[in-house]
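Here the structure comes first, spelled out in structure tokens, and everything after it is commentary.
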Amino acid sequence: MPKHYRPAGKKKEGNAAKYITRSQAVKQLQVSLPIFRKLCILKGVFPREPKKKVKGNHQTYYHTKDIAFVQHDPILEKIRQQRTHEKKVKKAVSKKNKDRVQRLKARKPKYILDRLILERYPRFVDALGDLDDCLTMVHLFAALPTLQNEKVTVKRIQNCRRLSHEWQAYIVRTHKLRKNFISVKGIYYQVLCFVLHISNVKVFSIFHVHLRLCPECIWTLSFSETRVQAEVEGQKITWVTPHALQQVLTDDVDFNVMLTFLEFYEALLAHVNNNLYHSINVKYPPILDPRLEALAADLYLLSRFVSHKSGASNMLLQDQTGQLDESQLTLAQLQHQLIPSEPGTLMQLVEETEVNNDDDDDDETKECKSLFRNMKFFLSREVPREALLFVISAFGGMVSWEGDGAPFDETDQSITHQVVDRPSQGHMFLSREYIQPQWVFDCVNARLILPTEDYLVGKIPPPHLSPFVDNEAVGYIPDYAEKIKQLKAAARRQVIPVPDVGTDVNDTQNVLLEGVASRVEAKEAAERKQEMLLLEKQYHDELKMELQRIGNASSAPQLGSVGHVEATDDGQSKRDQTARDSDELDKLLMSRSKRGLLNAIEIRSKQKNDEIEVLKARKRRNLESGGSGKD
Amino acid sequence: MSPEKIISDDDDDNHSVEESDSSEDEVAPRNTIGDVPLEFYKDEEHIGYEITGKKIKKKEREDQLARYLASADDKKAWRKIIDEYNDEEVELTKDEIKMIRRILKGKTPHAEVDPYAPYVDWFDWEDKIHPLSNAPDPKRRFIPSKWEGKKILKLVRAIREGRIQLDKPKEEPKLSLLWGDDSGSSGKSRGLAYIPPPKPKLPGHEESYNPSLEYIPTQEEINSYQLMYEEDRPKFIPRRYTSLRSVPAYVNALKECFNRNLDLYLCPRVRKKRINVDPESLKPKRPNLKDLKPYPVACYIEYKGHNDAVTSISTESSGQWIASGSTDGTVRVWEVATSRCIRVWDIGVAIRQVAWNPLPQLPILAVSVAHNVLILDTGLGSEEEQQRIKELLLLEKATLADQSACSGCCFLFFCIFLTFFLRESRAILVHQLSKKFSQSLPFKLHGLPVCSAFHPSRSFFFIATKKEVRVYNLQKKQALVKKLETGLREISCIAIHPGGDNVIVGSKEGKLCWFDMDLRSTPYKSLKCHHPKDITSVAFHRSYPLFASCSEDNTAYVFHGMVYSDLNQDPLIVPLQVLRGHSSLKAKGVLDCKFHPRQPWLFTAGADSIIKLYCH
């Protein structure tokens, strides 16, 4: 009997029953391969890796249940209808029956992806977790050239632009941006979104609870008479926006696949935006002023709309009915038209919203919100406007730019910083600082207003470092990171003595406050001292290590020639030897797989070390060449 | 199915039809009950009424047997059918049967009818190519219909009044609040468990538009990338732009996005646990080494005197002396405690191996030199013992001369037996000193013999070829007791546990196999020592649970090897110590190791002409 013999009437079992190949799946669904792809993309079905590949190694396997899941989805029927509809249109076109073509085109069967989205992401957090690719793609397509005769229609590109701006406006409004990074590939942004899940809702009386939010934490709050289980889930969402330049369209990509993805992502982002806007009480598709939109000041417009609306909505929330909508709309439009002429209003709006929402923010958001507070930025023509608009306003600054529709002019005396990216600046206002765009990004990453000397016009700015790298974990800290660390430490020291200046000894209340403050201060000082001690110790250790290494380095070349040098660090080498020996002995009894794993770990750590060594060697060489250059 | 049956059935069913059918040739039915099912009269005496109103009596039916007999007699019986309605027997004529057959076939009942007769147009006239009426179309065909006009007017009015809307502005489907109330949803997706895709890698410092200078490779390094394999080559080469305005558009943006999409829908996704193991946790827990003491730890005494590599050492059973043979052609006997060389024999040819007699009464040495095996009297021991040795050896000399043609390689004492095997002739000889008699053992060896050993307590003999170890019983007709399959590439040495049930085998690939003979014929444990070179020798301690291996990389490993008397408990093997100290000469390291018979001490003989003693 052959090995794989299955008696007639007996069902398939195991991997043979669980997984089917792609061609089998296509046959089962009775669709063509492109449609199968589309279905997989929309339904989020991906191949699986069976333990035993029954049909061979070169096949792609899908889970049988996945395919059954696709098969029972109404979207399959809709797609089939679309196909027959396309045939009808084609026939009508070939018969030159224009009327019919028109009529048919108006009646194209459509599907909506709401249900699919909800199916794939049952909770809002899940959707946020998968948003990275979505945002990257939508932002990329928003930056594509609107070419005619291409598969990507102008309408879709505009939709992408709109969605991306809506998303950014929300981030600006809620000050959720945490990190950003200008890379060669584009500008990376990272936001931290918290979603509060309240399960077991039996709230009789709601207390005001201040939650300190931290990522990935779960809180259970137990009140008397009420039990509210709240889960706070933080999601880090990172996306890339391409540089605002003409994008290169390549031929070697399959636009059908990309557009299918885009279709889903557009729907997903629209829903996510809808939910987010709902959470800050703003009506979702925001109605915008076409004049400003034409000036390509979308983001500014949107963010203003959002912040304004959410500020105003507290009052309007109760009577937000259909009747009021239209009047509200006209009101909003009126305000939009009014505001650009007078710069003060925007500030008022910002302040107003800040006052309203101060209490329900966590510490980090507060810190982010106030980073650029009381600063006014002006962007020159050559500066990427959208990116800076987004970043500065997300961190609480006020921005204007050169062009129509700008909230304030270049000649405004209250401007504190002007962002310039040109070799030299002709006319300079003495009241403001002229900086390169990188300053803004570095400030944001460091959460600190950096000194502007390095970023002046025409200078080569200091290296721009990635905020996504954990320098300590990697084991190599670039110089500029050290410098920023020092600056931060210095800033902390500076900030603390400030309360002492304003205290009045006569005022009893102040004395009390001072007492509290001093206690806190003392605690902080103690902590600082400990930290300093630690740092000092670390420094000494490092120094020692350095010395040793130098000793080693000096002895290394002599090892071959002179024998007795060994004697100086004989103890050291002996200890090394014994350590190595005990390692070897440990390995002796390991099973083969564990030994392999250990070897892999060792190889990986060695690779890492090598990389760091390369960096250090380059740095040394640069220093040497720089030193010799100076001489 | 017989035609009779069909006909009778047919007849029954079509009764009413036949009745209504008023054909001339049919006789009028006698029965006049009308369209009444015949089963109403099932229990009656009569079957119906005549035209005059008289009852028609049921005829006496023949029983089946009679009918059958009648049909056998009567040749026309098959034509006869019973007309139930009239209760009479009818005989079908030939024509009728023909007709029935035609009907059954689906043809017309009468054969003379031609169903496909050519059509004859009865109306034939000359101008039949012209239309019947040549009148012109009426006017109404050309003017719009009044009623249609009225309907259109109605629609137009409706459109004007806004009751009908054309070109409706397309409504964007309103977005519903999908996750409006999360408390309702169970949080479980339908279908299989969702495996989220891995997030894209976040950029490091080197991807910055303005990275630190140390992240930018030099031109030489970039050129060297060309020499690397395609897969190893870095995909991204950092570059430095001095200002933001000089950064160009990223060429591969679309391509990378596409590749990511492909990954998302084409790559099999598997939930894999990220292996974030502490390398320390992988290492097996060794028992506390302090508990396993004593074992040799450090070198205490060096025995210097040889001028060339020491190939072999052997300890005397009392532990007071050791003998060593070297390639400089000398055999030396040393006092263990003082490292004093007691005696030197200069044989002149490189010594292969030396061995003490395990019996303490006869302190004699056997030495294997190129083609000879020599027996040396050490001159130790009491006078009585010396006398005995002299007697023994006196007789011996003649026999040994006979052996000179053979190439002895390795041998062992057991009592006063001496075995040695001969490499080239694949023969194993056993020599009995007392009888001055050599005999060859009739084993068939599968491959060249490498080394041999005696069982410490029973009359078993172990012989190792390159691949396997064979165990023979010397008493019972030299029968093969066991074959140990090592799975090693090339065996170099074996040692037998003093208990006799465990064997260790060292190999030239640096592997050490522990066999439990009671357990199975494959290794109980295979230790991959970090000897990069051959293991030259392995040794068991006679009383302590220790064993050692030494190799050509100048190291000796000491292991704890505890064998339990309880058969259910596996031997415990713990690596204890790596002993170093020898230096290599001519790519050879430690050539031999032996344990002190009483103390947990290890002697090693190195190629650097030194013998070392490692003590606890």
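The values are calculated or read from the model by the stated rules, or taken from the named source; none is laboratory data. Since the model is a prediction, treat every value here as computed from it, not as a measurement. Cβ placement follows ideal geometry from the backbone for every residue including glycine, while neighbour counts extend to all protein chains displayed. Protein only, heavy atoms only, side chains kept; ligands, DNA and RNA dropped before computing areas. Shrake-Rupley method; radii C 1.70, N 1.55, O 1.52, S 1.80 Å.
A few notes on this one:
- Of the helices (runs of 4 or more DSSP H) contained entirely in the range A:7-124, those carrying at least 1 residues that are within 14 Å of chain B (Cβ to nearest Cβ), under 30 Å from A:Phe194 (Cα atoms) and not aromatic (Phe, Trp, Tyr) fall at A:33-43, A:114-120.
- Set side by side, the residues A:Lys43, A:Lys38 differ, and just one is touching a Ser or Thr at 6+ places or on another chain (Cβ under 8 Å), open to solvent by less than 70 Å² (accessible area, probe 1.4 Å) and under 20 Å from B:Leu192 (Cα atoms), which is A:Lys38.
- Taking the range A:405-440 as the range and being within 14 Å of chain B (Cβ to nearest Cβ) and touching an Asp or Glu at 6+ places or on another chain (Cβ under 7 Å) as the test, the residues that pass are A:Asp421, A:Arg422, A:Gln436, A:Pro437.
- When B:Asp127 is tested against the conditions (1) open to solvent by less than 100 Å² (accessible area, probe 1.4 Å); (2) closer than 30 Å to B:Arg79 by Cβ; (3) not small (Gly, Ala, Ser), the lone failure is (2).
- Residue satisfying all of: in the range B:508-535; farther than 17 Å from A:Leu589 by Cα and in contact with a Ser or Thr (Cβ under 6 Å, 6 or more places away or on another chain); least open to solvent (accessible area, probe 1.4 Å) among these: B:Ile535
- A:Tyr5 being open to solvent by 90 Å² or more (accessible area, probe 1.4 Å) and over 25 Å from A:Leu118 (Cβ atoms): yes
- Test: residue in the range B:314-322 that is of a type in the set (Gly, Ala, Ser), touching a Gly at 6+ places or on another chain (Cβ under 9 Å) and open to solvent by less than 40 Å² (accessible area, probe 1.4 Å): yes
- Restricting attention to the range B:244-291 and to residues that are β-branched (Val, Ile, Thr) and more than 30 Å from A:Lys38 (Cβ to Cβ), the residue that is surrounded by the fewest Cβ atoms within 10 Å (Cβ to Cβ) turns out to be B:Ile275.
- If the condition is being at negative phi and open to solvent by 40 Å² or more (accessible area, probe 1.4 Å), then the range A:447-461 contributes A:Ile449, A:Pro451, A:Glu453, A:Asp454, A:Leu456, A:Lys459, A:Ile460.
- Any hit, the range B:496-506, residues being open to solvent by 70 Å² or more (accessible area, probe 1.4 Å) and under 27 Å from B:Glu552 (Cβ atoms): no
- Residues of the range A:235-285 that are more than 7 Å from chain B (Cβ to nearest Cβ) and among the polar types (S, T, N, Q): A:Gln235, A:Thr241, A:Asn256, A:Thr260, A:Asn273, A:Ser279, A:Asn281.
- Residues (crowded, with 16+ Cβ neighbours inside 10 Å and either basic (Lys, Arg) or assigned to a loop (DSSP other than H, G, I, E, B) (or both)) located in the range B:361-370: B:Leu362, B:Pro363
- Residue match in the range A:437-455 (condition: over 26 Å from A:Lys366 (Cα atoms), outside any helix (DSSP H, G or I), at pLDDT 85 or above and outside the structural domain of A:Glu166 (by TED's automatic domain parsing)): no
- For the range B:236-262, taking the residues that are facing chain A (nearest Cβ under 8 Å) and of a type in the set (A, V, I, L, M), the one that is nearest to B:Pro197 (Cα to Cα) is identified as B:Leu262.
- Single match in B:Leu591, B:Leu546, B:Leu579 (criterion: touching a strand residue (DSSP E or B) at 6+ places or on another chain (Cβ under 6 Å) and either without any contact (Cβ under 8 Å) to a residue 24 or more places away in the chain or closer than 21 Å to B:Ala337 by Cβ (or both)): B:Leu579
- Residue match in the range B:133-149 (condition: surrounded by 10 or more Cβ atoms within 10 Å (Cβ to Cβ) and away from every other protein chain (no Cβ under 14 Å)): yes
- Every test in (1) more than 20 Å from B:Asn357 (Cβ to Cβ); (2) within 52 Å of the chain's Cα centre (by Cα); (3) among the hydrophobic types (A, V, I, L, M, F, W, C) is passed by B:Ala337 save one, and that test is (2).
- Against the test of being at pLDDT 80 or above and out of contact with any Ser or Thr (no Cβ under 6 Å at 6 or more places or on another chain), the options A:Leu213, A:Leu192 yield a single qualifying residue, A:Leu192.
- For the residues A:Val93, A:Val138, A:Val125, the requirement of being aliphatic (A, V, I, L, M), open to solvent by less than 100 Å² (accessible area, probe 1.4 Å) and farther than 30 Å from A:Gly186 by Cβ singles out A:Val93.
- Of the listed requirements (1) farther than 20 Å from A:Phe255 by Cα; (2) open to solvent by 20 Å² or more (accessible area, probe 1.4 Å); (3) not aromatic (Phe, Trp, Tyr), A:Arg156 misses just one: (1).
- Candidates in the range A:571-601 are the residues that are among the acidic types (Asp, Glu) and more than 7 Å from chain B (Cβ to nearest Cβ); of these, the one that is surrounded by the most Cβ atoms within 10 Å (Cβ to Cβ) is A:Asp583.
- Any hit, the range B:263-278, residues being within 7 Å of chain A (Cβ to nearest Cβ), more than 30 Å from A:Ser625 (Cβ to Cβ) and in contact with an Asp or Glu (Cβ under 6 Å, 6 or more places away or on another chain): yes
- Criterion: hydrophobic (A, V, I, L, M, F, W, C) and touching a Cys at 6+ places or on another chain (Cβ under 6 Å) - qualifying residue of A:Leu128, A:Leu118: A:Leu128
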